[in-house]
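Each remark here refers to the structure printed beneath this line.
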Amino acid sequence: ERLRAQQAQHSENADQFTTSIQGCRRCSLWKNATQAVVGTGPLDAEIMIVGEQPGDHEDLAGQPFVGPAGQLLDQGLAGAGIDRSRVYVTNAVKHFKFRANGRQRIHQSPNRTEIENCKWWLDLEIERVAPKLLVALGATALESLTGTRHDLLNCRGSLERTPDGRPVFVTVHPSYILRLPNSERAAALSNFTDDLHKVAALLQP
Ligand code: URA
């Protein structure tokens, strides 16, 4: 009940949301990251796309999906006729988790505890935006939204539900496409775009 009241209060004020997340100490990822990266997009968006966590570019820019994975997401959305500026784009985890390798920062996947702790913030965003459809990009987003770890390949292209019944469309993470050999990328991007076409179709009246 108290949590609900807190969440309702947070949801009234976007600036307060952004400010308070910079002070988040729910886990230790804040220590090495540049900043917390919250979602961007209209608060009345019908679609909320959820990724894993900010990458190197996003950590520096303070905006989700602005690096190479973001470019691929943009290509997929454009191919499916979805206007990114009408979509709310965010991540399951708000701080970049990495290990240093010289001057390089190598991405590390968030663990279950980090995903669970950060769900508090994602829930606030979902409550504020109240999207008609959530889109999980990859296994971390899906785990965060449904509370269970799924085999992505078994449920890609299907609709799952959050514990409170919100529909979640499942697709791959664009970084997965980036990691494929060159020869396989075009087909994978085309499949990703097909998935996003299904997202657009689900919202047709
Ligand atoms: N990958 C993600 O999951 N999110 C981003 O914002 C960037 C890359």
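A few points about this structure:
- Whichever aspartates and glutamates have a C-alpha closer than 14 Å to that of residue 94, once near sequence neighbours (fewer than 8 apart) are set aside: 52, 56, 58, 59, 114, 116, 123, 125
- About its Cα centre, region 2-202 has a charge dipole of approximately 560 debye under the convention of +1 per Lys or Arg Cβ and -1 per Asp or Glu Cβ, with nothing else charged.
- With contributions of -39500 (n - 2.57) from each DSSP H run of at least four residues, the per-residue ellipticity at 222 nm computed over the chain stands at -14000 deg cm²/dmol.
- Label point distance in nm, residue 153-residue 190, each placed 7 Å from Cα along Cα→Cβ: 2.0 nm
- A DSSP coil position with no more than 15 other Cβ atoms inside 10 Å describes the following trypsin sites (Lys or Arg not before Pro) in region 46-140: 103, 132.
- Amide H contacts of residue 52 (H built 1.01 Å from N, under 5 Å, at least 5 apart or other chain): 92
- Relative contact order of the chain, taken over Cα pairs closer than 8 Å and 6 or more residues apart, is 22 percent.
- With both residues required to sit in the chain, DSSP beta bridges show an antiparallel share near 40%.
- The relative contact order of region 25-84 comes to 28 percent, based on Cα pairs under 8 Å that sit 6 or more residues apart.
- Alpha-carbon geometry of the chain: the Rg and the Dmax are 16.2, 53 Å, given in that order.
- Working from label points 7 Å from Cα in the Cα-to-Cβ sense, the residue 162 to residue 130 distance is 1.2 nm.
- Each of residue 25 and residue 104 was given a label point 7 Å from its Cα along the Cα-to-Cβ line. The distance between the two points is 3.4 nm.
- Furthest towards positive pole of dipole, 50, 28, 77, structure part region 5-151, Cβ charges: 28
Here, each number is a calculation from the coordinates, and none is a lab measurement. Model, not experiment: these values are computed from the prediction. Positions of Cβ are generated from backbone atoms using ideal geometry, with glycine treated the same way; all protein chains shown enter the neighbour counts.
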